[in-house]
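Read the structure below first, then the notes.
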Amino acid sequence: MKTIDNKDIIEYLLYAERDAHEVSKITNEYPEITIEEAYVLQDGLLQRRLKENNTKTIGMKLGLTSTAKQEMMGVKQPIYGYLHKDMLAYEWEPLSCSELIHPKIEPEIAFFISEDIQGENITEEDISQATKYVAPALEIIDSRYKDFRFTLVDVVADNCSSAKFVVGSNLQSPHSIDVGNIGMVMSKNGKVEQTGSSAAVLGHPLKAMAWAANLLGKRDKGFKKGDIVLSGAISEAISLEAGDKVVVDFDNLGTVSISCTD
């Protein structure tokens with residue numbers, strides 16, 4: 001077996017993001033990498049990214065939160081990655097598609113965390129009490145891997161395909177609406193592409209949030225006061241190309257949108 005060189009793998013993935021080009025998945029060269037080693041690679045990648053981009057961590061994102069996606073990947077639990085300030089995009093400022101490789105968009109519910117959450121016995125009620133607001137959101141995922149194809153280990157090491165995200169302006173208390181059953185319609189260039197409900201996120205987004213908090217607790221990590229956490233995709237992702245405008249309309253949360261130029 002080839003000896004795993006974390007520095008080389010991290011540089012390989014960082015270069016792909018910086019240069020906006022796709023690369024072969026790392027498990028082609030290192031098929032023996034475990035999920036725990038993949039999270040170590042993710043940590044190293046994030047440390048390098050924070051320094052090189054002169055940015056800071058502002059939250060987290062959860063992935064593989066639907067049963068269908070877990071079955072497709074052959075796993076039984078979600079995954080997580082981190083969000084940096086330079087990943088935050090805005091509805092009024094079009095993205096440049098030339099700075100991305102093969103972006104896709106997913107509709108999400110964003111949780112605004114108002115107090116630190118860390119431990120191994122975190123409940124959905126704990127998450128609810130520690131959440132000041134929920135808001136409509138879009139995540140733009142952009143795997144560095146060729147043809148957007150990868151294994152679980154590959155995607156975790158690549159910070160779960162994190163690229164950009166947008167949060168809508170309609171913030172609501174999680175106690176004022178039914179977070180577990182928020183309907184959603186996602187349209188691209190005026191045509192409906194996806195519909196769904198927040199119930200697709202492990203049955204309830206709070207369940208996904210509690211799962212992540214408990215896994216983080218086992219690793220002496222947790223959610224931090226001020227974090228924005230994307231709780232998982234409500235539907236399948238759709239592609240984003242130059243000239244596209246995507247609008248997502250959520251029940252009780254309003255709309256959030258993004259457009260993309262060359």
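The values are calculated or read from the model by the stated rules, or taken from the named source; none is laboratory data. Just so we're clear, the structure is a prediction, and the values are computed from it rather than from any experiment. Glycine also receives a Cβ, built like all others from the backbone with ideal geometry; neighbour counts cover every protein chain displayed.
Does E124 qualify as being touching a residue at least 24 places away in the same chain (Cβ under 8 Å), in contact with a helix residue (DSSP H, G or I) (Cβ under 6 Å, 6 or more places away or on another chain), over 23 Å from D43 (Cβ atoms) and of a type outside the set (A, V, I, L, M)?
yes
So which residues in the range 152-184 are of a type in the set (V, I, T), buried (at least 20 other Cβ atoms within 10 Å of the Cβ) and assigned to a loop (DSSP other than H, G, I, E, B), if there are any at all?
The one that is of a type in the set (V, I, T), buried (at least 20 other Cβ atoms within 10 Å of the Cβ) and assigned to a loop (DSSP other than H, G, I, E, B): I182.
Inspect all residues belonging to the range 205-222 and state whether any of them is aliphatic (A, V, I, L, M), in a strand (DSSP E or B) and at pLDDT 95 or above. Show your work before the answer.
Step one: of the range 205-222, the residues aliphatic (A, V, I, L, M) are 206, 208-210, 212-213, 215-216.
Now drop any that are not in a strand (DSSP E or B), which leaves none.
Checking the range 205-222: not a single residue is aliphatic (A, V, I, L, M), in a strand (DSSP E or B) and at pLDDT 95 or above.
Write out, first by first residue and then by second, each pair whose Cβ atoms fall under 6 Å of each other, whose residues are 6+ apart or on separate chains, and whose first residue, in the range 99-120, is in contact (Cβ under 8 Å) with a residue 12 or more places away in the chain and closer than 18 Å to V229 by Cα while the second is of a type in the set (D, E, K, R) and surrounded by 19 or more Cβ atoms within 10 Å (Cβ to Cβ).
Correct list of pairs: E106/E139; E108/E139; I113/D227.
How many residues, within the range 1-23, are surrounded by 14 or more Cβ atoms within 10 Å (Cβ to Cβ) and under 14 Å from K146 (Cα atoms)?
The qualifying residues number 7.
Which members of the range 115-132 meet the condition of being surrounded by fewer than 16 Cβ atoms within 10 Å (Cβ to Cβ) and assigned to a strand (DSSP E or B)?
Residue satisfying the conditions is K132 alone.
Which condition number in (1) under 22 Å from K85 (Cα atoms); (2) out of contact with any helix residue (DSSP H, G or I) (no Cβ under 6 Å at 6 or more places or on another chain) is the one that C260 fails?
Only one criterion in (1) under 22 Å from K85 (Cα atoms); (2) out of contact with any helix residue (DSSP H, G or I) (no Cβ under 6 Å at 6 or more places or on another chain) is unmet by C260, namely (2).
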